Amino acid sequence: MFYAVHENGMVDMKPEFERLHKSGNILFFAEDFDYNSYYRYYFFIDINLQRVQLTLNGCKLNCIIRHFEDNIPCIEFEIESPNYGIERVEVYRQHPLFPIHLSRTADIIGTINKFGYEAYRKYDLRLK
């Protein structure tokens, strides 16, 4: 499945990349990959369907990981930063009765981009 995630959190999801809406304030394009029933990876792609990193203030995102921990849906980012190298960071944990929407990542990415990755880590600015 392919996704276009807009800055306002709107998500366009289509089975073929060519069918995605590609205008407006698109934050990123992604393609998902099911690792198993508990993990789903979202890799950032460019318009040519090549995997890319998403560059933010103080870090680069390699991918988004959605998984379940004790039946609670979670979102992690695989982040690369100069001070911490490559690490997986949980950025969101949601109530088990509600599905996780990829649109939540737009808010998180906006927060990191606004305040910087160091501030995000230091002050635990995760959405709760």
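The values are calculated or read from the model by the stated rules, or taken from the named source; none is laboratory data. Keep in mind that this is a model prediction, so the values were computed, not measured. For neighbour counting, all protein chains shown are included, and Cβ atoms are generated from backbone atoms with ideal geometry for every residue, glycine included. Each accessible area value is taken on the protein alone, full model and side chains, heavy atoms only, with ligands, DNA and RNA left out. Shrake-Rupley method; radii C 1.70, N 1.55, O 1.52, S 1.80 Å.
Scan 40, 19 and give me the residue that is charged (D, E, K, R) and either open to solvent by less than 80 Å² (accessible area, probe 1.4 Å) or under 27 Å from residue 82 (Cα atoms) (or both). If you could, list the steps in order and put the result at the bottom.
Values: 19 fails: either open to solvent by less than 80 Å² (accessible area, probe 1.4 Å) or under 27 Å from residue 82 (Cα atoms) (or both).
Every option except 40 fails the conditions.
Looking at the range 43-59, which of its residues are open to solvent by 80 Å² or more (accessible area, probe 1.4 Å) and assigned to a strand (DSSP E or B)? Don't jump to the end; show me each part of the working.
From the range 43-59, those open to solvent by 80 Å² or more (accessible area, probe 1.4 Å) are 47-48, 50-51, 55; that's our starting set.
The answer is 51, 55.
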Is it the case that the range 24-35 has a residue that's touching a residue at least 12 places away in the same chain (Cβ under 8 Å), open to solvent by 40 Å² or more (accessible area, probe 1.4 Å) and over 16 Å from residue 103 (Cα atoms)? no
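Look through the range 87-97, keep the residues that are part of a strand (DSSP E or B) and open to solvent by 30 Å² or more (accessible area, probe 1.4 Å), and return whichever of them is nearest to residue 112 (Cα to Cα).
Applying the first criterion (part of a strand (DSSP E or B)) to the range 87-97 yields 87-93.
Then keep just the ones that are open to solvent by 30 Å² or more (accessible area, probe 1.4 Å); that gives 87-88, 90, 93.
On the way: 87: 15, 88: 15, 90: 13, 93: 17 Å.
Residue satisfying both the conditions and the ranking: 90.
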Could you check, for the range 102-115, whether at least one of its residues is modelled with pLDDT under 95, farther than 25 Å from residue 21 by Cα and open to solvent by 70 Å² or more (accessible area, probe 1.4 Å)? yes
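Can you find a residue that is aliphatic (A, V, I, L, M), in contact with a strand residue (DSSP E or B) (Cβ under 8 Å, 6 or more places away or on another chain) and part of a strand (DSSP E or B) anywhere in the range 98-115? Before you say what the answer is, go through the steps one by one.
The first filter runs over the range 98-115 and keeps only residues aliphatic (A, V, I, L, M), leaving 100, 102, 106, 108-109, 112.
With in contact with a strand residue (DSSP E or B) (Cβ under 8 Å, 6 or more places away or on another chain) added as a condition, the list becomes 100, 102, 106, 108-109, 112.
Subset that is part of a strand (DSSP E or B): none.
No; the residues of the range 98-115 include none that is aliphatic (A, V, I, L, M), in contact with a strand residue (DSSP E or B) (Cβ under 8 Å, 6 or more places away or on another chain) and part of a strand (DSSP E or B).
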Among residues of the range 60-86, those that are open to solvent by 40 Å² or more (accessible area, probe 1.4 Å), at pLDDT below 95 and charged (D, E, K, R), counted: 3
Pull out all pairs, ordered by first then second residue, where Cβ-Cβ is under 7 Å, the residues are six or more apart or on different chains, the first lies in the range 59-78 and is under 11 Å from residue 89 (Cβ atoms) and of a type in the set (Asp, Glu), and the second is open to solvent by 10 Å² or more (accessible area, probe 1.4 Å) and part of a strand (DSSP E or B). 76/88; 76/89; 76/90; 78/62; 78/86; 78/88
Every residue in the range 1-16 that is exposed (fewer than 12 other Cβ atoms within 10 Å of the Cβ) and closer than 26 Å to residue 68 by Cα, please. 15
